[in-house]
Amino acid sequence: MATWLIYALGGGWGHLNRAIALGRQAATHHQVRILTNSPYAPWVETQLPQIDFSPSVLQNLSLQILPIASAAETRHQVQAIVQAQNYDCLIVDTFPRGLGGELVDCFPHLSAIPKVLIHRDIDPAYVQAKQVEKFVAHYYDAIVIPGEGDDVPFAYFPQAVHTLPWLMLNAQALPSVSPTEQPTIVVVAAGNQEEMAFWGQFMAQLLTTFPAVTCRCLAYTCPPHCPPHLWVQKWPGMPVLNQADVVIGGAGYNTVFECQALGKPLISFAWPRQYDRQQHRGQRWARLVETPQAAIDIVKSLLQAPHDQRESQNYGNGIGDAISIIETQYSQR
């Protein structure tokens with residue numbers, strides 16, 4: 001049984017979700033350790049037994065959660081873990097050099113260990129400033145692009161392989177859609193304090209504008225000013241999204257591709273991020289808006305269309321192909 005180490009550092013949901021989506025399926029045949037500093041990780045860890053009923057998965061999948069520390073301390077901790085080389089394959093999500101460049105000093109000593117990059121879209125300005133292309137070309141044996149197509153910086157590399165988007169739940173694992181008498185709007189709220197305050201105020205505005213519509217706010221914490229009875233804390237969130245007629249959220253990886261898989265219309269606000277291009281993703285995969293009123297106007301037009309309670313979509317999931325690609329990297333050595 002091979003051991004995988006998945007590097008998933010980053011403060012949001014995306015890195016953690018992609019790593020767990022991959023790890024929970026790979027853990028049926030491999031030992032999988034996910035290295036994370038996500039503030040959501042301790043809570044998510046408590047939720048894993050609710051979606052993974054297989055004893056082998058729960059035994060083989062572990063989250064290695066880094067404590068809150070300075071950048072220098074985190075760098076030292078990560079380097080110690082990576083340089084220990086007590087794993088058969090290193091899988092790095094999004095940041096080829098590490099979130100703070102800490103992998104640069106490690107990789108020259110890892111020639112015997114295959115390295116796989118999970119290539120989510122990333123800001124080309126960062127790629128150019130840090131000369132990331134040269135680093136990726138030299139050190140990564142495979143680049144797996146989960147669903148974002150050719151318009152990402154390393155898509156032209158010979159070791160790049162595309163899969164469908166990675167989703168936490170396969171279609172057959174989703175609960176069926178419960179019939180409702182009125183439409184449902186789901187707001188996916190995440191981000192910094194300013195963004196969470198925006199979502200709270202937006203929820204209150206939705207409730208006033210659409211009194212005959214069911215509104216729900218899917219979030220880790222209840223946003224300020226959001227009526228508490230509208231808040232839903234659930235992970236994974238796909239079953240909640242599947243009940244929606246309209247979804248409103250950011251243009252992050254999870255929200256965009258989960259809605260795409262489920263066939264749900266997504267109205268997106270593109271939040272500024274240091275590395276992720278939400279504007280770019282939102283233009284391609286969602287209805288991008290800049291103001292609450294613009295979002296409300298689109299909701300009105302969508303709700304005026306004939307109401308159709310659809311069953312769960314029979315969508316594909318790129319995780320299985322990704323596992324096969326990763327297994328090939330060390331089985332050929």
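The values are calculated or read from the model by the stated rules, or taken from the named source; none is laboratory data. All figures in this text were calculated on a predicted structure; none of them were measured in a lab. Note: ideal-geometry Cβ built from the backbone for every residue, glycine included; neighbour counts use all protein chains shown.
Structural remarks
- The set of residues from the range 67-103 being in contact with a Phe, Trp or Tyr (Cβ under 6 Å, 6 or more places away or on another chain) and more than 22 Å from residue 154 (Cβ to Cβ) comprises just one member, 88.
- Here is the figure for the range 134-158: residues that are crowded, with 16+ Cβ neighbours inside 10 Å and farther than 30 Å from residue 242 by Cα total 10.
- Counting only strands (runs of 3 or more DSSP E) that sit completely within the range 28-94, those holding 3 or more residues that are touching a Leu at 6+ places or on another chain (Cβ under 8 Å) and touching a residue at least 60 places away in the same chain (Cβ under 8 Å) correspond to 89-93.
- In the set (1) of a type outside the set (Ser, Thr, Tyr); (2) modelled with pLDDT of 95 or more; (3) part of a loop (DSSP other than H, G, I, E, B); (4) within 27 Å of residue 190 (Cα to Cα), the condition left unmet by residue 144 is number (3).
- Taking the range 218-333 as the region of interest, the strands (runs of 3 or more DSSP E) fully inside it that hold 3 or more residues being buried (at least 21 other Cβ atoms within 10 Å of the Cβ) and at pLDDT 95 or above are 246-250, 266-269.
- Among the residues making up the range 1-36, those that are closer than 24 Å to residue 71 by Cβ and of a type in the set (A, V, I, L, M, F, W, C) are 5, 6, 8, 9, 13, 16, 19, 34, 35.
- Residue list for the range 11-23, filter: part of a helix (DSSP H, G or I) and within 16 Å of residue 237 (Cα to Cα): 14, 15, 16, 17, 18, 19, 20, 21
- Residue identified as among the charged types (D, E, K, R), more than 30 Å from residue 235 (Cβ to Cβ) and in contact with a Pro (Cβ under 9 Å, 6 or more places away or on another chain) among 148, 133: 133
- Selection of the range 117-148 for residues being touching a residue at least 60 places away in the same chain (Cβ under 8 Å) and either under 19 Å from residue 102 (Cα atoms) or of a type outside the set (A, V, I, L, M, F, W, C) (or both) yields 118, 120, 121, 122, 123, 126, 141, 146, 147, 148.
- Test for residue 244: is it within 23 Å of the chain's Cα centre (by Cα), within 22 Å of residue 168 (Cα to Cα) and in contact (Cβ under 8 Å) with a residue 40 or more places away in the chain: yes
- The conditions of being assigned to a helix (DSSP H, G or I), at pLDDT 95 or above and not small (Gly, Ala, Ser) are met by residue 133.
- On the stretch given as the range 1-26, residues that are crowded, with 24+ Cβ neighbours inside 10 Å and among the hydrophobic types (A, V, I, L, M, F, W, C) total 8.
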